[in-house]
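A short worksheet on the structure shown next.
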Amino acid sequence: MQAEKVARFSEDLRFENVRTTSTIAALDLSIGNTGYLAEVCPRWRPRIAADPRRA
């Protein structure tokens, strides 16, 4: 079941290096430049801050 869910990310160009180990799944975001969340962070920060699960 998990393998089926994770496999769909392998076909999505927004993600790369999709992998699983036991019950842990991980993937990398495909972004234009190097650096930890360099282009993504400014766009995601408001969404993360507004997430009610983080309260």
Inset, instruction - Could you please find all residues in region 14-30 being closer than 17 Å to Met1 by Cβ, assigned to a strand (DSSP E or B) and of a type in the set (Gly, Ala, Ser)? - result: Ala25
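Determine which member of the set Ala55, Ala50, Ala25 is open to solvent by 50 Å² or more (accessible area, probe 1.4 Å) and either of a type in the set (Ser, Thr, Tyr) or modelled with pLDDT under 70 (or both).
Numbers: Ala50 fails: either of a type in the set (Ser, Thr, Tyr) or modelled with pLDDT under 70 (or both); Ala25 fails: either of a type in the set (Ser, Thr, Tyr) or modelled with pLDDT under 70 (or both).
Unique residue meeting the criteria: Ala55.
The values are calculated or read from the model by the stated rules, or taken from the named source; none is laboratory data. Only a predicted model underlies this, so the values are computations on that prediction, with no experimental measurement involved. Please note: Cβ atoms are built from the backbone with ideal geometry, for glycine as well, and neighbour counts cover all protein chains shown. Heavy atoms of the whole protein, side chains included, go into the accessibility calculation; ligands, DNA and RNA do not. Shrake-Rupley method; radii C 1.70, N 1.55, O 1.52, S 1.80 Å.
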